[in-house]
Amino acid sequence: AGTLGSAATAKGRYFGAAVSAQYLGESGYVSTLNREFSSVTPENEMKWDAVEANRNTFTFGSADRIVSHAQSRGMSVRGHTLVWHSQLPGWVAGLGAADLRSAMNHHITTVMRHYKGKVLAWDVVNEAFQDGGSGARRSSPFQDKLGNGFIEEAFRTARAADPAAKLCYNDYNTDGVNPKSNAVYAMVKDFKARGVPIDCVGFQSHFNSASPVPSDYRANLQRFADLGVDVQITELDIEGSGGAQATAYGNVVNACLAVSRCTGITVWGVTDKYSWRSSGTPLLFDGNYTKKPAYDAVLAALGGS
Ligand code: G3I
């Protein structure tokens with residue numbers, strides 16, 4: 001198969017990209033998206049500040065445009081993200097505990113019902129753990145006012161809102177075995193043991209020279225899969241260029257393919273020119289939508305040509 005999406009499909013996986021609604025009118029962007037990708041993740045449009053900037057006033061326009069585009073092309077959608085400390089409107093941080101709990105559950109329920117049947121998997125909670133060796137939860141309005149239990153509550157609310165959607169926990173710097181991924185692992189293990197609804201774990205996989213693809217990437221994905229959840233590579237980008245970047249991308253794809261419960265890969269953007277990394281060339285297509293060596297390596301690893 002000659003595209004990323006079709007080659008991934010042949011391997012029983014999706015291959016997705018983060019998409020911004022503002023570029024859906026650009027022909028090079030859209031033609032590349034439509035040709036190559038079988039899944040999309042709205043890059044910013046489903047975040048709390050985008051959909052509920054003011055309490056109980058929901059604005060879905062930009063996210064709806066992405067979801068409609070995906071549906072019209074038969075692409076699946078990853079919903080990103082329901083509960084996150086960043087891109088959170090100020091009014092949320094100002095609430096007291098009881099009100100915050102109610103606002104969190106109302107937000108999850110309203111957004112998930114709006115997209116019921118249209119979103120394959122949701123990042124229910126994003127980036128709730130600290131970096132470094134402590135394994136502790138990250139400070140956030142949710143953590144600080146509701147305690148560790150906010151994550152469990154979010155997942156239970158999400159399951160009730162759309163029972164068919166896959167519910168994921170998503171984080172970064174958890175790609176290899178390390179204290180942060182150990183802490184997430186312990187949480188997922190506890191959730192599975194106690195019947196807290198969780199279906200998948202997302203590994204963002206933002207790599208650069210200081211944080212390269214870990215040598216135990218596959219083993220880490222596998223240990224989570226062995227807990228009985230799917231794993232997904234959710235925000236892949238790799239700084240660099242040329243052969244080194246291509247090799248790293250190929251290694252990521254091979255790691256996913258080696259784990260039967262690794263159900264898909266999403267790269268965090270279509271083209272280098274719109275990457276969240278203001279400098280650098282971390283993606284598969286350059287600014288002219290020309291395929292890079294990294295593209296060829298990904299396609300080859302997927303068994304395409
Ligand atoms: O919406 C405003 C717009 O009104 C304004 O005109 C413009 C001017 O700069 O800013 C716009 O907001 C920007 C937003 O993206 C939408 O374009 C923010 O400044 C900018 O900070 C924001 O960056 C996003 C970032 O998350 C915010 O945390 C990136 O695009 C997005 O790629 C990035 O994605 C995150 C994932 O959600 C979670 N994991 C890490 C990943 C990379 O940081």
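Observations, loosely collected:
- Translational diffusion of the chain, µm² s⁻¹ [Kirkwood Rh, Cα pairs; Stokes-Einstein; 25 °C; 0.890 mPa s]: 127 µm²/s
- Percentage relative contact order, the chain, counting C-alpha pairs under 8 Å, at least six apart: 18 percent
- Cα centre as origin, Lys/Arg/Asp/Glu Cβ charges: the stretch 253-305 dipole, Debye: 100 debye
- Restraint check, 118/145; 47/145; 180/273, Cα-Cα greater than 27 Å: 118/145; 180/273
- Cα-based shape type of the stretch 136-240, given that a ≥ b ≥ c are square roots of the gyration tensor eigenvalues and the cut on a/c is 1.5: prolate
- Electrostatic dipole magnitude of the chain [Cβ: Lys, Arg +1; Asp, Glu -1; Cα centre; debye, to 20]: 640 debye
- Helix axis angle, 242-257 relative to the chain longest principal axis, alpha carbon, degrees: 60 degrees
- Using alpha-carbon coordinates, inclination of helix 61-72 to the longest axis of the chain, degrees: 50 degrees
- Calculated mean residue ellipticity at 222 nm for the chain: -12000 deg cm²/dmol, from DSSP H runs with n ≥ 4 weighted as -39500 (n - 2.57), summed, divided by the residue count and rounded to 500.
- Placing R0 at 35 angstrom, the Cβ-Cβ distance between residue 22 and residue 131 gives a FRET efficiency of 0.70 after rounding to 0.05.
- For the stretch 78-203, averaging the sequence separation of C-alpha pairs within contact (under 8 Å, six or more residues apart) and dividing by the residue count gives a relative contact order of 29 percent.
- Kirkwood-type hydrodynamic radius, the stretch 185-280: 14.3 Å, calculated from all non-identical alpha-carbon pairs.
- When restricted to Cα atoms, the stretch 32-135 yields an Rg and a Dmax of 15.0, 47 Å, respectively.
- Max mean-square fluctuation residue, GNM over the chain, Cα-Cα springs under 10 Å, options 98, 246, 210: 210
Every number in this text was worked out from the coordinates using simple rules, so none of it is lab data. As the structure is a prediction and not an experimental result, all values here were calculated from the model. Glycine gets a Cβ as well: all are built from the backbone with ideal geometry, and neighbour counts include every protein chain shown.
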